[in-house]
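S.K.: One structure, pasted below without further comment.
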Amino acid sequence: MDAGEVGAAALTVVNALLLTMADGVEPFRGWLTVDADGTISGIGPGDPPAAPSTGEAGAAPAAGTALDVGGAIVAPGFISAHSHLFMSGLRGLGVGETLYGWLAENMAVLTGAGVEDLYWFTLHGGLDFARNGITSAFNFAQSRVIWKYDPQVGSASLGKVHPVDFLTRQVDAGADAGIRVMSAIRLDDEAFPERQVLDTFAQVADYIEANVPPLLNLGAAIFGAVQWAATSRTAAVEAALMRRHGVINQAHFVETAEALEQQRAKFSWYDEAGILGPRFLFGHFVHPTDEMVSRAAVAGAGMVWQPTSNGRLGSGIADIPRLRAAGIRIGVGLDDQSCTDISDPFQNMRIGIYTLRALHSDAKVLMPREMLRMHTLGSAEVLGVADRLGSLEVGKHADFLVVDPREPDTGPIWDIYATYAFACGLRNLKQVYVGGKPVYDAAEPPSELTVAATTELHARVAHAARAAGVTPGPFAF
């Protein structure tokens, strides 16, 4: 561990119980320092070599002062490697529906939404992530086309079409929320000529590069859409974009047990297009065949697991031990806020661990540290950003949480990872930092931006629903 230039630090965190999630590093009581550019400059046990004057425990630090966390846990911010931030205002739809019925109810409301509505929907989702300890997200932007998918025939029909700023305003919202975002764009090749599809992706990618603050920008990615496509041409177009831009492609695949053979048959489209590899991720991958698992593992593809969403929608249980044994890299996501309901990474960890233990009748099949790693460093690895994110190490971004298991008290700490993953929750989350700057403090009132996002979301969701001919619930406010 490197003590760094402690005296030059913009922020020094002291009196912390550090879960760094760095491989091979055990938890310890100590400190970390953050440079003015928001990167970790030093970390170590005990007291820092030259700590600046310390303020009150829990107080937000001024530049060059220390943050005394009073013995609380400091751990990396959670990374949601699979998210749909714009759906934050649609919780409570499709409560008894599996994937396709639930999706139809959500899309019905979105039919009435416009460009600025999507900005506020996404901003609300991003701020919700920040206050719940999720500091980075792979975000599937809502397509500029509102598609109507028919699972019986395995293809989608064209609905409402929006201009390109329907996408770029969602990019703006992610940046304004203050979290790091990788923006995934659906190519919509079944709606537009191929030349236009390629140009639109390049236009949005250039917009991201020019308008998102560099330290928050995790880049553009492809929103893989073969599961919804009518022909293999979609895989070919996605392959062309991956080669041209060198980007990640994450595709929802065999997520639900509905029309399963139809979904599985489309696996070969990706394989034949030459897409499978380290830059390709399967989102969900709940119902793969043995052949699919073997081929994905050999190709080096990754997978992103959404345990809460899979349970909420009755999609099934992804057999993570099976996939890990095959050598597939695993990340974890919170998915849509409308199918996780609470964007709670602690709950997400528990649901994941408990369902797998029940499935295998084995309490050792997934341990707390393994689950926490998948939701932090593992997610950074599958997204290709582990050099910057996912663990508390010198040179990485200072994205961290202050979690106090004593407030409310969870009892003695027998196993620190068990306390963190099993016993702690949002009630114990005290502060969230992105790049060494606070984005949430449980002791502070909501920011003006949060209040504005809440007001705008409620009004705009209700307006969009009415415009689409959907009656908002009787208790909507």
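S.K.: Please count how many residues of the stretch 458-471 are out of contact with any Asp or Glu (no Cβ under 9 Å at 6 or more places or on another chain) and either surrounded by 16 or more Cβ atoms within 10 Å (Cβ to Cβ) or within 23 Å of GLY126 (Cβ to Cβ) (or both).
M.R.: Adding up the residues that qualify gives 5.
S.K.: Quick one: which residue in GLY331, GLY352, GLY274, GLY283 is more than 30 Å from ARG244 (Cβ to Cβ) and either in contact with a His (Cβ under 9 Å, 6 or more places away or on another chain) or open to solvent by 10 Å² or more (accessible area, probe 1.4 Å) (or both)?
M.R.: None of the other options fit; the residue is GLY352.
S.K.: I would also like to ask the following. So which residues in the stretch 421-477 are part of a helix (DSSP H, G or I) and β-branched (Val, Ile, Thr)?
M.R.: THR450, VAL451, THR454, THR455, VAL461 - these are the residues of the stretch 421-477 that are part of a helix (DSSP H, G or I) and β-branched (Val, Ile, Thr).
S.K.: Could you grab the pairs with beta carbons closer than 6 Å, sequence gap of 6+ or different chains, first residue in the stretch 109-135 and on the phi > 0 side of the Ramachandran plot, second one aromatic (Phe, Trp, Tyr) and not in a loop (DSSP other than H, G, I, E, B)?
M.R.: Close Cβ pairs satisfying both conditions: GLY133/PHE78.
S.K.: May I ask you to list the residues in the stretch 251-270 that are assigned to a helix (DSSP H, G or I), open to solvent by 20 Å² or more (accessible area, probe 1.4 Å) and of a type outside the set (Phe, Trp, Tyr)?
M.R.: Scanning the stretch 251-270 gives LEU260, GLU261, GLN262, ARG264, ALA265, SER268.
S.K.: Now a separate question. So, in the stretch 98-114, exactly how many residues are open to solvent by 30 Å² or more (accessible area, probe 1.4 Å) and at pLDDT 95 or above?
M.R.: The number of residues fulfilling the criteria is 1.
S.K.: When the stretch 106-123 is examined, which residues are found to be part of a loop (DSSP other than H, G, I, E, B) and aliphatic (A, V, I, L, M)?
M.R.: ALA113
S.K.: Still on this structure, please answer the following. Please give the number of the condition VAL204 fails out of (1) open to solvent by 20 Å² or more (accessible area, probe 1.4 Å); (2) part of a helix (DSSP H, G or I); (3) in contact with a strand residue (DSSP E or B) (Cβ under 7 Å, 6 or more places away or on another chain).
M.R.: Here VAL204 meets the rest and fails (1).
S.K.: Could you please find all residues in the stretch 65-97 being small (Gly, Ala, Ser) and open to solvent by 10 Å² or more (accessible area, probe 1.4 Å)?
M.R.: Those that are small (Gly, Ala, Ser) and open to solvent by 10 Å² or more (accessible area, probe 1.4 Å): GLY70, GLY71, GLY89, GLY92, GLY96.
S.K.: Taking the options VAL439, VAL382, name whichever one is in contact with a Lys or Arg (Cβ under 7 Å, 6 or more places away or on another chain) and crowded, with 17+ Cβ neighbours inside 10 Å.
M.R.: One residue alone meets the criteria, VAL382.
S.K.: To continue, here is another question. Restricting to the stretch 149-196, name every residue that is modelled with pLDDT of 95 or more and among the aliphatic types (A, V, I, L, M).
M.R.: Hits for the stretch 149-196 are VAL164, LEU167, VAL171, ALA173, ALA175, ALA177, ILE179, VAL181, MET182, ALA184, ILE185, LEU187.
S.K.: Residues of the stretch 291-335 being farther than 17 Å from GLN263 by Cβ and among the acidic types (Asp, Glu), which ones?
M.R.: Selection gives ASP335 alone.
The values are calculated or read from the model by the stated rules, or taken from the named source; none is laboratory data. What you are looking at is a predicted structure, and each value in this text was computed from that prediction instead of being measured. A quick note on method: Cβ atoms are made from the backbone with ideal geometry, for glycine too, and the neighbour counts reach across all protein chains shown. Accessible surface areas use protein heavy atoms only, side chains included; no ligands, DNA or RNA. Shrake-Rupley method; radii C 1.70, N 1.55, O 1.52, S 1.80 Å.
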